[in-house]
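Let me begin by presenting the structure, written as structure tokens, before commenting on it.
The values are calculated or read from the model by the stated rules, or taken from the named source; none is laboratory data. Everything numeric here is computed off the predicted structure, so don't read it as measured data. Backbone-built Cβ (ideal geometry, glycine too); neighbour counts: all protein chains shown.
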Amino acid sequence: MQHVPATIEEQLLRKAIREESPWENLPKRLQTMLISKEEWHKRIIDYCIRKRLQWNQCFARKICKEGEYYEEMMRYLRKNLALFPYHLAEYVCRVLRVSPFRYYCDMIFEVLKNEQPYDSIPNFSAADAVRLTGIGRNEYIDIMNKCRSKKFMWKLNKSIAKELLPTQPVDFPVEPWWGVCLVNFTLEEFKKLTEEEMATIDKVCKEEVNSFILFDPDIVRGLHKRGLMYFDVPVYSDDRFKVSRLEGFVSNREQSYEDPIEELLYAVFVVSSENSTVAELATTLQADLSHLQAAASFACRLGWAIKLLDPESILRDSSIPSSPSNMLSDDEYDSNASINSEKSGQQTHGLVIEKNRTISGTAHVAFVVDANITSYLMMGSVSPGLKSHAVTLYEAGKLGDSSIAELCKDLSTLEGKKFEGELQEFANHAYSLRCILECLQSGGVANDGKIVRPSNPTETQHSFIDDITSVTSEIGVSEESGYSNINENEAKMYHNDDSSDHGQSIVPQPDSSPNESDAAHVLPMTPSGTSAENNTCKPDYESQSDKKVTSLDGSENDRTILKRKRKYRVDILRCESLAALAPATLEKMFLRDYDIIASMVPLPASSVLPGPSGPIHFGPPSYSSMTPWMKLVLYTLAGNGPLSVALMKGQCLRLLPAPLAGCEKALIWSWDGSTVGGLGGKFEGNLVNGNVLLHCLNSMLKHSAVLIQPLSRYDLDDSGRIVTVDIALPLKNFDGTVQPIGSDMGLDPEGVANLDSLLMDLSSKIELFTVGYIRLLRLRKEIQSGMLIPDLEYEWFPLSLEFGIPLFSPKLCGRICERIVLSHLLQTDSLSEHHDAMQSLRKILRELCSEYQATGPTAKMFYQIEHVKESPRHLISYASGRWSPLMDPSTPISGAPSENQRFKFTNRQRGKTEVLSFDGNILRSYALAPVYEVTTRHIEESTSGSGVKHESDEADSREVVLPGVNLLFDGSQLHPFDIGACLQARQPVSLVAEASAASTSLQATRISI
């Protein structure tokens, strides 16, 4: 728990203590606050105790005696149930004769005497107490029950609890390199020593090196149990460590007192690397070296960290320079060099990472997940081996590469089991987690080292997905039910043989309203190559091998490329633990330890993303991509998408504008992920009924901006849900070809519609060479202007683009892994291509946010901010001085709400620069005059010259950028949208003039009468 000084005086006080300023040299300001010299001395001792400083190295040595200082420290530690000060054992154990075992026995007795729950002991103290005393949660409860069973005697004499406590420490593992130290013996203790013990003590006193391995372990343990010896765990600045599983960790409360060593432990668990020394780790964490050594020593005592006694083997051939022009080249396979060393920090940050994206030797991959994964792994007793992995991941924030194989083995124990209810969600995440971990460990390369082009019709493909299918071939992944009411024709229409390289699942979205549940539903599918009973996600590769892929130029290519399989080391990181680190520490850790970072989807809003100069990131390119801005960018780049309205935060509607009025249902998203009445928090959106849409919007607009997509009754299926299909990314294979989707889905031509052509169009307009999926939405098709065809044909529109690994869907996760293999995404040139694509997308996102945010050029033009400053008394009519709906020419788009609103927007004639406005009855399009366009360009130039953030600044900014103007995407373009007539307490000038004229006429009539 970090303690930051609350006041300026407190900061000055700590600075004076660190500088060892005497009372006479204190500023008058501090002397007035402290009142007396004695109070100043108390503050000095209290500060040194809280920092766990040695007496001979702190200011307290000039204030009090050594014995008084350490006795006061032990009283403070017992009072707060704090961790035993092992780094001060030379005095505490040797002189004061306070052993860790006796210290924790006294602590447990105090907790028993006060009848406090076991959870009141801080987690690290409880874990150390279990190691030495053997008293855990169950043992503590048993002792407490025995004490309370004595009733009246227990109330009179609490000391009876001591009789139930152990008298000697339990046996615990001791590493050979631990040091053996002696305490100060009394004469009686010395007389009771045997000849063997005397010889051991003489050897300890004479030898310069007193490692445990040099002595008889039985004699040493016997002396330790009698309190005559204690163990020292030496940690030096050039030592290296590897964090292992947190076996024996006790999940109690965190400490509420100040302890720099405990505070460092959590950071050490996340940031530690076997490639970094303790000194380098202290530099990365910007921490005191002595405190970090004490934290690492404690982690080794409990077996949570392993000291690497041969650090040269870890960085074998580290001096060999890496090739700046080739990533993961075959020539460098035998070397184990890595750019992930602190020795090349500046070069890595500037040259290697930024320009060439070079990875030499073993590739280090980090898979970022959220805390929900740990809760899924700990659900019930489905697999006992998963609990320790979950505890390590949650508490330490990191699960190292050495534990991944064992984790996958534990996850494989779930194969063949069937689950119901919440356990099914746990199973889905478990299956997906194993699938992506094995994919990352293989580097997206086939088992036999061959990557076969999917266009080869004569050879049977063998890729890493054969291993993926082994994960899921025996798993009964029963997707969520709830579609028994769908008729057979619909079920046939949505049938998917799952033989595509991309793999799709048609997912009708749930109908949600303020009073209804938003549980996700998936239509039943029977993939080819699997039985309908198991409903597994095993692709049919025999049928796949007979298919040909046509490249963009229409040619067919049949080649097999040989790749040498390389080593990939994968760590799992918890995003909440990463967010707790300082930004500078996190950046250093990413650059030092990892070449590739992959993220799950969806990530929580508090997640920290690597910057543009950091490692390759298969996840959201920026924080803006995790908001509805990404949908608007997708629709704008594609020139295609569903009708969408973005409303600013803080508005209150009295009626719905034309695009939203009369809709059957609508999809809504909150801009910052905030939830109001169960709405707005789901990344896939909430589907609400049109009759409650106004109420939902007014509730959500109080807290965040909102994106709305209206839907007619023809856009929904028979059960009232939308129909979507998820396409795994990347779309292209490694040679640039795009696998046809529609022909492989097994759907009728009416059901497929323009799916293939849409994906080809998207792949040509947007660079989607990344990990994730694109969700397409099925909407009603129109063949004539304003007319709907009678036989219910449909077409597909892009709905959303998600970056990362969807662990909630095993089938979709398996298809993404399949696409990683077939696209060579993790191989040489693909990483540079991915980096360039994400940089381009990040730039487009930043430009769109800058354009339409509150300080952007569109908002300035729309609200005439500069004009208001020049003429403060000028009356702005109809919320804009740039154009007037009473004078400027307009084009009516639609009148009363109807089912065909979307088609009226799409088929209208558009101007070069226009503003859409709804006056409460008719939706109109106003083309701006050339003078306004010139002014807009002037505002854009001035904004780009002075107020635009640099790319690195945007990447570091986690603040959600809200739209500063209402927007409307009409199906092909994004426009400002004026809805002043729909807002409460804001009426158009025409309506005010009409009301005023009617009032004047009525008054004149009354006068004449």
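Below is a table of values for the structure above.
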| read-out | value |
| --- | --- |
| Residue match in region 712-726 (condition: free of Cβ contacts under 8 Å to residues at least 60 places away in the same chain and of a type in the set (Phe, Trp, Tyr)) | no |
| Condition check for Glu110: part of a helix (DSSP H, G or I) and either outside the structural domain of Pro217 (by TED's automatic domain parsing) or touching a helix residue (DSSP H, G or I) at 6+ places or on another chain (Cβ under 9 Å) (or both) | yes |
| Count - residues of region 677-697 that are hydrophobic (A, V, I, L, M, F, W, C), surrounded by fewer than 18 Cβ atoms within 10 Å (Cβ to Cβ) and either on the phi > 0 side of the Ramachandran plot or not in a loop (DSSP other than H, G, I, E, B) (or both) | 2 |
| Unmet requirement for Leu83, which otherwise passes all of (1) assigned to a helix (DSSP H, G or I); (2) modelled with pLDDT under 95; (3) touching a helix residue (DSSP H, G or I) at 6+ places or on another chain (Cβ under 6 Å) | (1) |
| Residue check for Leu309: buried (at least 22 other Cβ atoms within 10 Å of the Cβ) and either modelled with pLDDT under 90 or within 29 Å of the chain's Cα centre (by Cα) (or both) | no |
| Candidates Glu20, Glu39, Glu9, filtered to the one that is among the acidic types (Asp, Glu) and either at positive phi or buried (at least 16 other Cβ atoms within 10 Å of the Cβ) (or both) | Glu20 |
| Scan of region 162-212 for residues that are aliphatic (A, V, I, L, M) and either exposed (fewer than 12 other Cβ atoms within 10 Å of the Cβ) or over 47 Å from the mean Cα position of the chain (by Cα) (or both), ordered by number | Leu182, Val183, Leu187, Leu193, Met198, Ala199, Ile201, Val204, Val209 |
| Pair list, Cβ < 7 Å and 6+ apart or interchain, from region 45-61 residues that are in a helix (DSSP H, G or I) to residues that are aromatic (Phe, Trp, Tyr) | Ile45/Tyr69; Cys48/Phe59; Ile49/Tyr76; Trp55/Tyr69; Trp55/Tyr70; Ala60/Tyr69; Arg61/Trp55 |
| Number of positions in region 749-807 that are among the basic types (Lys, Arg) and at pLDDT below 80 | 1 |
| Breaking point among (1) at pLDDT 85 or above; (2) touching a strand residue (DSSP E or B) at 6+ places or on another chain (Cβ under 9 Å); (3) of a type outside the set (Asp, Glu), for Lys409 | (2) |
| Residue among Lys42, Lys51, Lys37 that is within 44 Å of the chain's Cα centre (by Cα) and of a type in the set (Lys, Arg) | Lys51 |
